[in-house]
1. Identify the residue in segment 125-148 that is free of Cβ contacts under 8 Å to residues at least 12 places away in the same chain and touching a Phe, Trp or Tyr at 6+ places or on another chain (Cβ under 8 Å) and, among all such residues, is farthest from Leu17 (Cα to Cα).
2. Can you spot a residue in segment 87-110 that is more than 14 Å from the chain's Cα centre (by Cα) and of a type in the set (A, V, I, L, M)?
3. Report whether or not Leu16 is surrounded by 12 or more Cβ atoms within 10 Å (Cβ to Cβ), touching a residue at least 24 places away in the same chain (Cβ under 8 Å), of a type outside the set (D, E, K, R) and closer than 16 Å to Gln138 by Cα.
4. Can you pull out every residue in segment 44-76 that is farther than 16 Å from Ser104 by Cβ, among the hydrophobic types (A, V, I, L, M, F, W, C) and either touching a helix residue (DSSP H, G or I) at 6+ places or on another chain (Cβ under 6 Å) or surrounded by 15 or more Cβ atoms within 10 Å (Cβ to Cβ) (or both)?
5. Scanning for something surrounded by fewer than 16 Cβ atoms within 10 Å (Cβ to Cβ) and on the phi > 0 side of the Ramachandran plot, does segment 77-97 turn up at least one residue?
6. Kindly list the number of the only condition in (1) loosely packed, with under 12 Cβ neighbours inside 10 Å; (2) polar (S, T, N, Q); (3) touching a residue at least 24 places away in the same chain (Cβ under 8 Å) that fails for Ser41.
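What follows is calculated from the coordinates using simple rules that are stated; it is not laboratory data. Computed from a predicted model, the values in this text were never measured in an experiment. Using ideal geometry, Cβ is built from the backbone for each residue, glycine included, and neighbour counts are taken over all protein chains shown.
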Amino acid sequence: MQLQILQIAPTKDKNLLAIEQEYEKRIKPFANLTTTTLKPSKSDQCKQAQEEEKDKFLPRLDPKANIIALDENGPQLSSQQFAEAIQKTRDHGPGRIQFLIGGSHGLHPEVRKKANQTLSLSKMTFTHEMVRIFLKEQLYRAFTIIENRTYHK
């Protein structure tokens, strides 16, 4: 299975980066995970920043992948439901998922429209660095659920 995270701006905090890397290592036996970091817009204007970042996202979207945009207004799934969605894509879908994490102004509507679905990790607001950790932890948890490992209880 191929997983790709397209994100705006790198993780700067070395402690948070270490946690991300730990989950990447844990995911490796289950899937090939790549992270592509796009340069953020320098604009403080929401619409301009989204427009500039849209131009970075769109050429990288794979029309053959299941594209999931992380968005605060998307539906929330339990860990079990998320695992089922991952397994369905792995076993019966394209076998490739792209997760999109926008910049501080969110994803441009055109980018969200290209996604097959949206997903909210929580109704709470988190830093983009924390969202990356939560997504990778949930991916690892999903694979342990699918493979009936003891991590998820």
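1. Thr144
2. Taking segment 87-110 and keeping what is more than 14 Å from the chain's Cα centre (by Cα), we get 87-95, 104-105, 108-110.
Pick out the ones that are also of a type in the set (A, V, I, L, M) and you get none.
No, the conditions are met nowhere in segment 87-110.
3. yes
4. Leu61, Ala65, Ile67, Ile68
5. Looking through segment 77-97, at least one residue is surrounded by fewer than 16 Cβ atoms within 10 Å (Cβ to Cβ) and on the phi > 0 side of the Ramachandran plot.
6. Only one criterion is unmet by Ser41, namely (1).
For (1) of a type in the set (Phe, Trp, Tyr); (2) touching a Leu at 6+ places or on another chain (Cβ under 6 Å); (3) closer than 18 Å to Phe126 by Cβ, each residue gets a yes or a no:
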residue	(1), (2), (3)
Leu17	no, no, yes
Lys28	no, no, no
Thr36	no, yes, no
Glu52	no, no, no
Ile68	no, yes, yes
Glu84	no, no, no
